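A.B. asks: Pasting in a structure now, in structure tokens, and then I'll have a few things to ask.
Rule-based calculations on the coordinates, nothing more; no lab input. Please read these numbers as outputs of a predicted model, since none were measured by experiment. As a convention, Cβ positions derive from the backbone with ideal geometry for all residues, glycine included, and neighbour counts pool all protein chains shown.
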Amino acid sequence: MSEEHAYQMAAIVVYLLGMLIIGYYAYRRTKTGRDFLLAGRDLSPRVAALSAGASDMSGWLLMGLPGVLYATGLIEAWIAIGLTLGTWMNWMIVAPRLRVYSEITQDAITMPAFFEHRFRDRTRLLRIVSAIIILVFFVFYVASMMVASGAFFESTFGWNYMTGLLVVAAVTLTYTAFGGFLGASLTDVAQGLLMVTALIAVPIIATVQLGGPGQVVSLINEADLQAGLNHLSFTGGGFSGASMLVIISGLAWGLGYFGQPHILARFFAIRTHQEVKTARRIGTSWVILSMGGAVITGLVGAAWFHNAGETLDNEETVFLLLSQILFHPFIAGLVLAAVLAAIMSTMSSQLLVSASALVEDIYGLFKQNPGERAQLWAGRISVVAVTVIAVLIAQNPESTVLDLVGFAWAGFGAAFGPMILMALYWKRVTAMGALAGMVTGAAVSYIWGIIPAIKEAINLYEIVPGVVVHFVVAIVVSLLTRKPDSEIDAEFAQMQETVATK
């Protein structure tokens, strides 16, 4: 191992040990199943906000987004704009109501349980179907994070793919299985701070070394003139039907926030709905800084490598290469650790939500009122089981599970997002309407995403038709089925009244 790699590996070891120490601290405070699954509903607004942001952003934030900006330009920044708006709206219109309503509806601590109690679904189909959707998508989502971690160590340090995968899986499994929701949330905070620091530092230092913002713009324009591109245009150089679809699809990523179980879990767990306002400000600020840093990194990278007379074979390495050029190897190692942080923060949250679906929504159907210790260990065993399955799926480094990241985001957004909004804002929606909307929304998103003929004919992100169909079907079926009973009306009114209190 070279001296440079030795410094970088030392930094990554420091980072991994730090995650284990945080996990041990959380383990000492995790005593019951409720602690394990939702940290006793006692997250501070700072922890809830940073945890929601870090668990949302996988390695895509530090590699995929800078890479596509490096290759294409600001027309792809609409994804970042859509996600920023989605973050703010999620904290604004969903978080306070969901925190209050989930407690009113028999103190539901998972999204499937909330749906069942909110709609008085005596068939239990809502709970079962939504839990199955969560498990299926998240097992493959976790596997995709493992594929990314194995590829990271293989490309960066020349490790065997499975060795790198297993190291990351083992560390993440340890602090998640023992520290539970608190462990995942506190490590998310550390990981989120590491990510945003790296995303701010890299473009600023690169810009200074290039001679300032004016010189960066000049170099980008010079490169565009040679390549026939337009990096600094939000429309790709002019309005057209194709560019409008790209813009709409980018903004539509923000729709996905309303239905992401691992993000909504932070709304269940925050201490009180009054603290949501503080969390919203912190969370939105983190996303603006992180997204802005990623976008600017891609543009500055285009200027930097044009100035150096180089063209990258893999655009997604632009952030990593700049960090290795700009910093001492140990600092560069900490920047590399930020990529692992992005992967691991997402993975741990998904493992926890999957375990919650298994313990609370499936195991709980067959084992009524399990003891606190039994629920605690059932949660830990579930985390191990999901991890093992994901490792088996991720054994093939050429696995296509990475393609499921955007696909799963659309699937969750179309299956759950409209239902969450209607549950919180329209008391007339029925259990049958919610179930029909969830199934059809997920189905349309799935079909749109996997049939090439549709994708080629209409280059529109599959979440858009999925969400539209979900709303239409849920509204029509709700109006055609029996009106909810007076107990639901009373709970809805109680939720509104509580949220209105300051």
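A.B. asks: Relative to the longest principal Cα axis of the chain, at what angle does helix 45-56 sit, 0 to 90 degrees, rounded to 10?
C.D. replies: The helix 45-56 is inclined about 70 degrees to the chain.
A.B. asks: Placing +1 at every Lys and Arg Cβ and -1 at every Asp and Glu Cβ, with all other atoms neutral, what dipole size does the range 1-108 have around its Cα centre, in debye to the nearest 20?
C.D. replies: In debye, rounded to 20, the range 1-108 gives about 540.
A.B. asks: Rounded to the nearest 0.05, what FRET efficiency do F330 and L20 have when you use their Cβ-Cβ distance and R0 = 25 Å?
C.D. replies: For F330 and L20, the calculated efficiency is 0.80.
A.B. asks: Full-extension gain between V388 and I458, please, as 0.36 nm times their residue separation minus the C-alpha to C-alpha distance.
C.D. replies: 21.4 nm
A.B. asks: Starting with the fewest neighbours, write out H328, H117, H306, H262 ranked by other beta-carbon atoms found within 10 Å of each beta-carbon.
C.D. replies: Least crowded to most crowded, the residues run H328, H306, H117, H262.
A.B. asks: Further question on the same structure: Would you work out which of P261, T278, G250 lies farthest towards the positive end of the dipole of the range 237-328, given +1 charges on the beta-carbon of Lys and Arg and -1 on that of Asp and Glu, about the Cα centre?
C.D. replies: Comparing the listed Cα positions along the dipole, T278 ranks first.
A.B. asks: Also: Size of the dipole of the chain about the Cα centre, Lys and Arg at +1 and Asp and Glu at -1 on the beta carbon, nothing else charged, in debye to 20?
C.D. replies: Dipole size: approximately 1960 debye.
A.B. asks: Between F157 and L479, how many nm apart are label points set 7 Å from Cα along the C-beta direction?
C.D. replies: Modelled inter-label distance: 6.0 nm.
A.B. asks: For D361, D188, which order do you get if you count the other beta carbons within 10 Å of each Cβ and list the fewest first?
C.D. replies: So the residues, fewest neighbours to most, are D361, D188.
A.B. asks: Specify which residue in the list L17, L186, H117 is farthest towards the positive end of the charge dipole of the chain, using unit charges on the beta carbon of Lys, Arg (+1) and Asp, Glu (-1), about the Cα centre.
C.D. replies: The listed residue farthest towards the positive side: H117.
A.B. asks: Let me know the Kirkwood hydrodynamic radius for the chain, please, with Cα pairs as the basis and the value in Å to one decimal.
C.D. replies: One decimal place: 23.2 Å for the Kirkwood radius.
A.B. asks: Please order S348, S44, S356 by the number of other Cβ within 10 Å, starting at the fewest.
C.D. replies: Lowest to highest Cβ neighbour count: S44, S356, S348.
A.B. asks: For labels at K277 and L289 in the simple 7 Å Cα→Cβ model, what's the distance in nm?
C.D. replies: Rounded to a tenth, the inter-label distance reads 2.2 nm.
A.B. asks: While we're looking at this one, here's another question. Efficiency by 1/(1 + (r/R0)^6): what FRET value for A374 and Q226, r their Cβ-Cβ distance, R0 = 60 Å, to the nearest 0.05?
C.D. replies: 0.35
A.B. asks: At a Förster radius of 22 Å, what calculated FRET efficiency corresponds to the Cβ-Cβ distance of E487 and R46, to the nearest 0.05?
C.D. replies: The pair E487/R46 has a calculated efficiency of 0.05.
A.B. asks: Would you work out the charge dipole size for the range 100-215 about its Cα centre, treating the Cβ of every Lys and Arg as +1 and the Cβ of every Asp and Glu as -1, and quote it to the nearest 20 debye?
C.D. replies: Result for the range 100-215 is approximately 320 debye, rounded to the nearest 20.
A.B. asks: Something else now. At what distance in nm do the modelled label points of I450 and R120 sit from each other, each positioned 7 Å from its Cα along Cα→Cβ?
C.D. replies: 3.7 nm
A.B. asks: Of W91, L126, F137, which is farthest on the positive side of the dipole of the range 74-155, counting Cα position, with +1 on Lys and Arg Cβ, -1 on Asp and Glu Cβ, and the Cα centre as origin?
C.D. replies: In the range 74-155, that residue is L126.
A.B. asks: What GluC sites (Glu not before Pro) in the range 73-167 are in a loop by DSSP, with at most 10 other Cβ atoms within 10 Å of the Cβ?
C.D. replies: none
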